[in-house]
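Student: Before we start, here is the structure in question, set down as structure tokens.
Values quoted throughout were computed directly from the atomic coordinates according to the rules given, and no laboratory measurement underlies them. Worth saying up front: this structure is predicted, and the values here are computed from it rather than measured. Reconstructed Cβ throughout: ideal geometry from the backbone, glycine too, with neighbour counts over all protein chains shown.
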């Protein structure tokens, strides 16, 4: 194909303002995620391959199918999967994991209650491909090594079924494992036998402690089986309007046991919200 031909083809696959607004309205209504006008190029890029794969002539034809021919029943979940941002790393914002290791878990050991009389439940509320959930499990597993009888589990949820499927495999690029402290990497991660793959996988005994489930934070009630003791909901609120931020944190509080802890991202704030929380460290809150 000539350069001119390639340019003409790309012009056919430009997303109009009207179609972008329709997609943004759907995403916002379904997930609460804001897609301001500056995100149009991102949406266009993430959906272009799908439009072509389905055989549509352009975005206009695709959006006509989605919004006029009940295509949302088929395409809605794919659009959500394509649009949601899934940036994650092991032990991202390491101060949070140090607080869990050095403050929360030792206090439990002193009191000899949660984790000993009942399993200690942690929740990764925007789990993406699972790095945060497995990081939590590593910290708890280390604690369990030195405290006989300590039991724990991690619930990892996300709105995207695509990333949850990937998270459950527990397979990651080897480069991602570099963020895991070396002693934990040695104990809880194993390299692929095929060295050409440059992949690593979480060990089976840790994978068994993590359960994955779909949860849309825009839902009016969260399907959490029992009160959790630690909730990580980090770098998610920034995608929501203020009213939605308060609603999400309020619903998370409903799922937290009294005395439980909520962790937010360092760029997020809930200042001015009427919530049963007391801040005890930067972006760390105690459920009252």
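Student: What is the helix-to-structure angle for 17-31, meaning the angle in degrees between its Cα long axis and the longest Cα principal axis of the chain, kept from 0 to 90 and rounded to the nearest 10?
Tutor: Helix 17-31 sits at roughly 30 degrees to that axis.
Student: Specify the angular offset, from 0 to 90 degrees and rounded to the nearest 10, of the alpha carbon long axis of helix 242-255 from the longest principal axis of the alpha carbons in the chain.
Tutor: Approximately 40 degrees, to the nearest 10.
Student: Sorted by average packing, counted as other Cβ atoms within 10 angstrom per residue and highest first, what order do 203-211, 191-199 take?
Tutor: Numbers: 203-211: 15.2, 191-199: 10.9.
The most tightly packed comes first, giving 203-211, 191-199.
Student: Now for a different question. Give the percent of DSSP beta bridges with both residues in the chain that are antiparallel, rounded to the nearest 5.
Tutor: 40
Student: Quote to one decimal, in nm, the extra length available between residue 72 and residue 195 on full extension: 0.36 nm per residue of separation minus the C-alpha distance between them. Don't skip to the answer; put the middle values down first.
Tutor: Details: separation 123, 0.36 × 123 = 44.28 nm, distance 4.18 nm.
Between residue 72 and residue 195, full extension yields an extra 40.1 nm.
Student: Please order 33, 80 by the number of other Cβ within 10 Å, starting at the fewest. All intermediate terms of the calculation are to be shown ahead of the outcome.
Tutor: Numbers: 33 22, 80 19.
In order of increasing Cβ crowding within 10 Å: 80, 33.
Student: While we're looking at this one, here's another question. Hey, rough spin-label estimate for residue 101 and residue 254, points 7 angstrom out along Cα→Cβ, what's it come to in nanometres?
Tutor: Simple spin-label model gives 3.5 nm for this pair.
Student: Sticking with this structure for a sec: By counting other Cβ atoms within 10 Å of each Cβ, how are 63, 233 ranked from fewest to most? If you can, show how the numbers build up before the last one.
Tutor: Working: 63 23, 233 19.
Ranking 63, 233 by Cβ neighbours within 10 Å, fewest first, gives 233, 63.
Student: Still on this model: Select one label from (1) 1.11; (2) 0.93; (3) 1.02: the one whose number is Rg/Rh (Cα atoms, Kirkwood Rh) as derived from the coordinates shown.
Tutor: Among (1) 1.11; (2) 0.93; (3) 1.02, the one calculated here is (3).
Student: Between residue 171 and residue 274, what is the spin-label point distance in nm, taking each point 7 Å from the Cα along the Cα→C-beta axis?
Tutor: 5.1
Student: Is the range 111-255 rounded, prolate or oblate when judged by the Cα gyration tensor, a ≥ b ≥ c being the square roots of its eigenvalues, rounded requiring a/c under 1.5 and prolate requiring a/b larger than b/c?
Tutor: Values: a/c = 2.26, a/b = 1.27, b/c = 1.79.
Oblate, since a/c reaches 1.5 and b/c is not below a/b.
Student: State the extension gain, in nm to one decimal, for the chain segment bounded by residue 207 and residue 238, taking 0.36 nm per residue of separation less the distance between their alpha-carbons.
Tutor: Details: separation 31, 0.36 × 31 = 11.16 nm, distance 2.94 nm.
Taking 0.36 nm per residue and subtracting the Cα distance, the gain is 8.2 nm.
Student: Find how much the distance from residue 22 to residue 219 grows on full extension, using 0.36 nm per residue of separation minus their present alpha carbon separation; answer in nm with one decimal.
Tutor: On the way: separation 197, 0.36 × 197 = 70.92 nm, distance 2.07 nm.
Gain on extension, residue 22 to residue 219, equals 68.8 nm.
Student: Moving on. Only bridges with both residues in the range 143-222 count here: give the DSSP antiparallel percent, nearest 5.
Tutor: Values: 6 of 11 bridges.
Of all bridge pairs located within the range 143-222, approximately 55 percent are antiparallel.
Student: What is the order of 188, 134, 65, 261, fewest Cβ neighbours within 10 Å to most?
Tutor: Values: 188 21, 134 29, 65 17, 261 24.
The most exposed by this proxy come first: 65, 188, 261, 134.
Student: From Cα pairs below 8 angstrom and at least 6 apart in sequence, can you work out the relative contact order of the chain, rounded to a whole percent?
Tutor: On the way: 412 pairs, mean separation 45.9, N = 288.
About 16 percent, as a whole number.
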